[in-house]
1. Taking the Cα centre of segment 137-279 as the origin and placing charges on Cβ (Lys, Arg +1; Asp, Glu -1), which of 254, 270, 177 is farthest toward the positive end of the dipole?
2. Specify whether the C-alpha gyration tensor of segment 302-374 places it in the rounded, prolate or oblate class, a ≥ b ≥ c being the square roots of the eigenvalues: rounded for a/c under 1.5, otherwise prolate if a/b is larger than b/c and oblate if not.
3. Using the Karplus equation 6.51 cos²θ - 1.76 cosθ + 1.60 (θ = phi - 60°), what ³J(HN,Hα) coupling, rounded to whole Hz, does each residue of segment 351-359 give in order, writing x for Gly and Pro?
4. Using a ≥ b ≥ c from the Cα gyration tensor of segment 137-279 (square roots of the eigenvalues), is it rounded, prolate or oblate, where a/c under 1.5 gives rounded and otherwise the larger of a/b and b/c decides, a/b for prolate?
5. Based on DSSP, what percent of beta bridges with both residues in segment 137-279 are antiparallel, to the nearest 5?
6. Under 21 Å from the Cα of residue 263, which lysines turn up, not counting those fewer than eight places away in the same chain?
7. Could you list which residues have their amide H under 5 Å from that of residue 129, counting only those 5 or more apart in sequence or on another chain, with H placed in the peptide plane?
8. What lysines sit close enough to residue 332 to cross-link, taking a C-alpha to C-alpha distance under 25 Å and skipping anything fewer than 8 places away on the same chain?
Amino acid sequence: MNRTSFRKALAPSIAVLALSISLTACGAGNESDAGSASDGSSEATGGLSGDLNGAGASSQEKAQGAWATGFQGMNDGNVTVNYDPVGSGDGRTNFIEGGVSFAGSDSYLSDDEGELSGAKERCNGEDPIEVPAYVSPIAVAFNVEGVDALNLDADTIAQIFDGKITTWNDPAIADQNPDATLPDLTITPVHRSDDSGTTKNFTDYLGKASESWSYEAEDAFPVKGGEAAEGTSGVISAVSGGKGTIGYADESQVGDLSVVSVKVGEEYVAPSAEGAALVVESSPAAEGRADVDMAVDIDRTTTDANAYPVVLLSYLIACQTYEDQAEADLVKGYLSHIVSDEGQQAASEEAGSAPLSSSVAEKAQSIVDTISAG
């Protein structure tokens, strides 16, 4: 499918699902400056017009709304940003096939699956840009009447989602929660039905922190059984509406559901933006990536009780060069705002994410600054 036909095919989905916000651009005339200020604040962009389409991680949905609102406040023109929260896997596919100008993804492009080479081909033979935009804990949320809090280690969580621990009063759960009144109730684990970076991050945690999980980290949940739900909102709805349910989702979207404190070292740690940020900042860069690629291999086995290792690091994926000047300006301006201090603070307030550290944000901004038309 060529780029034009794919864009047409994608349009109805975007119209129904996307965050569609009319944005305006500051200044007059048609001159464009999609740069950023050197102090980490975003710089107003002038004369921008047209549509900017992105798709991907549903975990970014609230943050994308905040970023678009901030971009609107900076601008005074006719720009529309559409972000379709179809999931990380479909977002990467849409980007590679040319249907959207940028993607949001909770896992970085996979070289093993041909995504990296596909993105490079889409980007006129240049390495794609991949910068962090959103750091958030993944909460293990549950719905058990009379139980408001639980402590669980990685092995127990793994066995629950693998269907090996099937009742809430199982000794493996009871031993870690002596003060809880646990019912003799069947556990219903809820997982994502769509390809999801949240799933990949969650299963990566289970594989690295537990001896009981034998599956590879994948976008598709590897275990049959339990209940499947589409998107972050689908998982939250299934857990909320069920009885004895447990699922995993971006912590910012769990609402009033109870969440598990996971064992880190000798302590049990509740999900927090600060704990997630600490893990990401101390994790090594992925090996063999280009200079414009900030992919990170997250340390899931930390014993630091201030850290929360069930975390997702969500990326923005774009090209270094676009054929159209207007598209290049829109992508550069919007991504610059997202990684700016204002953009990160807006996401923190709206979605509960952890702002990027100053060093990470500075590097991301320097990469975004390379976007141009050619």
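1. 254
2. Numbers: a/c = 2.75, a/b = 2.20, b/c = 1.25.
Prolate shape, in that a/c is at least 1.5 and a/b is the bigger ratio.
3. Here the 3J(HN,Hα) series is 10, x, 7, 8, x, 4, 5, 4, 5 Hz.
4. On the way: a/c = 1.24, a/b = 1.13, b/c = 1.11.
Since a/c stays below 1.5, the shape of segment 137-279 is classed as rounded.
5. Details: 13 of 22 bridges.
Antiparallel: roughly 60 percent of the beta bridges in segment 137-279.
6. 164, 200, 208
7. Here 318, 319, 320 satisfy the definition.
8. Of all the lysines, those that pass the test against residue 332 - Cα under 25 Å, at least 8 places apart if same chain - are 8, 62, 120, 363.
We did not get these values from a lab; they are worked out from the coordinates using the rules stated. Being a predicted model, the structure only gives us computed values, none of them experimental. Neighbour counts run over all protein chains shown; Cβ positions are idealised from the backbone, glycine included.
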